[in-house]
Structures are given as C-alpha cells and as structure tokens.
Amino acid sequence: MMGKWWVLSLQLAELFVSSMVHIAYGFYIFSTAVAGDLSLTLSDWLFGPNLTDFYKREESTGSSRGRDLPPIVLVHGIFGFGNGRLGGLSYFAGAEKKDDRVLVPDLGSLTSIYDRARELFYYLKGGQVDYGEEHSKACGHSQFGRIYEIGHYPEWDEDHPIHFVGHSAGAQVARVLQQMLADKAFKGYENTSENWVISITSLSGAFNGTTRTYLDGMQPEDGKSLKPICLLQLCRIGVLLYDWFDIPMLKYYYNFGFDHFDLSWRRIGIQGLFRCLMGKAGPFASGDWILPDLTIQGSIRLNSHIHTFPDTYYFSYATKRTRKFMGTIIPSGIFGIHPMLFLRVLQMSQWRHPLDATPPYKGYRDEDWWENDGALNTISMTHPRFPVEHPSQFVTHDSEFHPLQSGIWYYKIVEGDHIQFIINRERAGVEFDLIYDSIFERCRKHAFRKNPTLPNTVHHN
C-alpha cells in the first residue's frame, strides 16, 4: 500500500514539475512576442514609421526578385505558429529570410494532421478551407473554415510546384497533403497530383510517432485515449478554457486552431463548456487533434495510406541528444539540452512499453526507441518505417546528398534537441546557418524537374 502511495507521489511531483516548466516556457515565448511588439510601437512613436516602411519595402523587393522561383513553404510543428502570430516572433528563428521566396503559413497548432493538411492547401491556393463533409460530420465540427480571399500561391499546379520544409509534425503534414493531391481529395480541383510537390525536407520530423506521447498522457494500449491524470489533461483543460473565453487580443496573438469547432462561450455557453470538459464534445472527445496522430499507433494508421512518390525528392534531418554509456542510453549532456526537454530526454531513453499492452507493431523492441531529442525518438525521424519501410539512404555529410535520386529518403543524424533549430537561432550557433543554407541551396540548385531559370549562377556539367 505504501509503495503505491510512493509511486503516486512521484508521478504527481513529476507532473507538477513538467507543467511548471512548460507553462514558464510558454509565458516566456508569449511575453517575448508582446515585448517585441511594444518595442516596435515605441520605435514608431519616437522615430516615426519610416524605418518600418523601409523594411517592408525591402521585403516586397525581395519577394519580387524571387517571383519566378518555386516557393519554399516552411511548415511548423505542434504548438507552432506562422507569420502573423506572436507579433514579430519567428518560429523558424528567421530562417525564412535566407531566401527570396519563402512562405510560413499559420496552421492549427493542435489540430489534427488531416485538418492542418487541408488548411495548408487553401492557404496556398486560396478560397475557404473545406475539411470535407464526411470527416467534419464524424468529428463534430464545421465543414468550412477560414477564408483566404487570395491564395499565397494561386498558380500552384504541376507546372508550378512547391518545396516543403516541415519541422516536427509539419513534415507529416506535408506528406499527408501530397497524398491528398495524389488522391484528388479537394473538391473542385480534379487536376491535382503528387507532382505538385518537388521536394519534402524534414527537420526533426514526426514520421513514426513518439513514445513521449505516452509519457505525457496518451494511453499506450490504444494510442487514442488519455490517462485520467497527466500533462495532456492539463493541456486539454487549458486549451478548452482559452478557446471558450475567446478573448480577441489573446486569439490574435496565438490560436490553437479549433475555430471550426465553435468553442466560444457565445456559441456553446456554460453547458457546452461542461460537456467539453467532461469529454462529451469537442476535438478531444472526437480525437480530431494532433496527439493521437503522434502516437506510434496513430502514425502507423496515417502511414498506411501515405506513399513515397517516385518523382519527388525527400530529405530528413533526424536529431538526438542521447549517447550510449556502458551499454545504457543516457542524455548526452546537461547544458546542451533545453531545460524544457531534459527530463523527457531521460525518460524517453528509459521507456518501456507496458508488458500487459499489445505492442504497437510486430517486432517492436523498446531499445530501438531509446535514442531521442526530448520530443521525438530518433528512429521516428529518419524516414517512414512503419507499417512498411520506405526506401532510404543514410548520409553523414551533406555532400553525399548529390547526385540526387528521387523517390528515396536521404537522412542525416544531427546532434541537437527538438527545438535546436527553431525559435532561438543562438542555441544552434553556426549549425543553424549550415542546416538551413544547405536546405535552401538544395531546393534552389538540385531538387528540380525542369532546369531552373533562377538563380542564373547555376551551371551544370
């Protein structure tokens, strides 16, 4: 009896520490965005808007210079945000400034992979987001969402294809969208195909799920339901209250993406909130949110319908912050791992699937999943592996990416935690520039189907 109380006490202590660390980091990000906006406002008040207008003109000029280039679309991961959210803060730490034609869409930060892929399509083509009638009825939300009066790349088609670069869950969003294009899944667009995508580059991509979802509260038995007391339950309650109060200023700065569920107090009232909190309605009741997609079981369900296409180029940077010491996987350091992730690096390196639960796939071994970056397991980030392994090639240096062959996942393992190459570029140092310069250069000079017209400095032997 005492043993059970001791275990429960440890679990509650771990939950308290984890929740405090995540809340503190979230507050830091939010306050940084607000401080940046206040600083810009103060600068305009003191010195006038001329300096701001200058930067806007520079940005416009850069966009016009790159108008003949296929766009590189940066797709954020879970809890992420695109341009226009959190003030002037950049999810990709300013990497989008490295090229003349980069788009950074703002998608639902906690919505399902499916919903985010639909949103991404209409962000690019324009029009009102259509989540699909069947899916919307099954999940209990509106069929239609945000309206894009003008798409960010309305000419998008097979003759004007796109490069996608996805971080974390954003990589899986790009894959699901490419499959939707191949399946002609968008009503009114019967000519879509997988060849609308030139390349997909993954940065710490969530291809095969993560054991962290179970540590945070997903049930390892099914990969769908939540444990009664866990970090994700606190997250669920916080998100529901945030959307229910529907405070315009807060929603302007950050939006979890559940507007199509109509969770505002104006629509559902107290009774509707109670039903959502009790798990009777809303995205967490229907399972139409991102965490079930990030379990190993959920990723296998997604992967069973997604192909690696023969005419598309695929690249992956897998990250890890663990090493082997005397036969045991441990964190590779203390100071190099973000405080928000250190505990999870340690826990994931010791994870064991419950003996009384069915393994997520045939041949599952705990030790295959111990290498990790604090959010995803390294085995999950290299290339799609389950339920069927896709063609892949391991490389140690970027020079080995050439000559390129389409239809193969080239992957490289990089030392870094899950947020090493986003938000704060100073943490990655020179490695930040090396990674993104390599990605953008590859998109511009190597991964193409037709000879590029720009940049005109490219020559082929």
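The values are calculated or read from the model by the stated rules, or taken from the named source; none is laboratory data. Being a predicted model, the structure only gives us computed values, none of them experimental. Cβ placement follows ideal geometry from the backbone for every residue including glycine, while neighbour counts extend to all protein chains displayed. Ligands, DNA and RNA are stripped out before the accessible areas are found, and what is left, the full protein with its side chains, is counted by its heavy atoms. Shrake-Rupley method; radii C 1.70, N 1.55, O 1.52, S 1.80 Å.
Each Cα pair under 8 Å and six or more residues apart adds its sequence gap; the mean of these over the residue count of segment 303-348 is a relative contact order of 25 percent. Rounded to the nearest whole Hz, the Karplus-based 3J(HN,Hα) values (6.51 cos²θ - 1.76 cosθ + 1.60, θ = phi - 60°) of segment 182-193 follow the sequence 5, 7, 6, 8, 10, 4, x, 10, 7, 9, 5, 7, with x at glycine and proline. With K and R counted +1 and D and E -1, the other residues having a Cβ less than 15 Å from that of GLN128 yield a net charge of -2. Distances between every pair of Cα atoms in segment 374-424, grouped in 5 Å steps from 0 to the bin holding the largest one, split as 4, 17, 25, 20, 19, 12, 3, 0 percent.
Per-peptide packing, taken as the mean over residues of other Cβ atoms within 10 Å, places 416-428, 347-359, 189-201, 71-83 in the sequence 71-83, 416-428, 189-201, 347-359 from highest down. With the biggest extent put first, the Cα atoms of segment 239-284 measure 28, 18, 15 Å across the principal axes. Rounded to the nearest 0.05, the FRET efficiency derived from the C-beta distance between LEU355 and ILE247 at R0 = 41 Å is 0.35. For the residue pairs LYS184/LYS227; LYS125/LYS445; LYS125/LYS280; LYS98/LYS184, alpha carbon separations beyond 28 Å are given by LYS184/LYS227; LYS125/LYS280; LYS98/LYS184. By the Kirkwood approach, averaging reciprocal distances over each pair of separate Cα atoms, segment 167-322 gets a hydrodynamic radius of 17.7 Å. Scanning residues 5 or more positions from ARG146 or on other chains, those with amide H under 5 Å from its amide H are VAL129, with H placed 1.01 Å from N in the peptide plane. Note on the chain: percent of Cα-Cα distances in each 20 Å bin, starting at 0 and stopping at the bin with the largest distance, equals 23, 59, 17, 1. Residues in the chain average 48 Å² of solvent-accessible surface per residue, probe 1.4 Å, ligands and nucleic acids excluded.
Beta-bridge orientation, the chain: approximately 30 percent antiparallel, per DSSP, counting only bridges with both partners inside.
For ARG323 and GLU190, a Förster radius of 60 Å and the Cβ-Cβ distance give a FRET efficiency of 0.70, rounded to the nearest 0.05. On the beta carbon distance between ALA35 and LYS97, with R0 = 22 Å, the FRET formula returns roughly 0.60. In plain terms, the chain from LEU12 to HIS446 could stretch by 151.1 nm, reckoned as 0.36 nm per residue minus the Cα-Cα distance. A Stokes-Einstein calculation at 37 °C with viscosity 0.692 mPa s, built on the Kirkwood radius of segment 90-198 over Cα pairs, returns a diffusion coefficient of 227 µm²/s.
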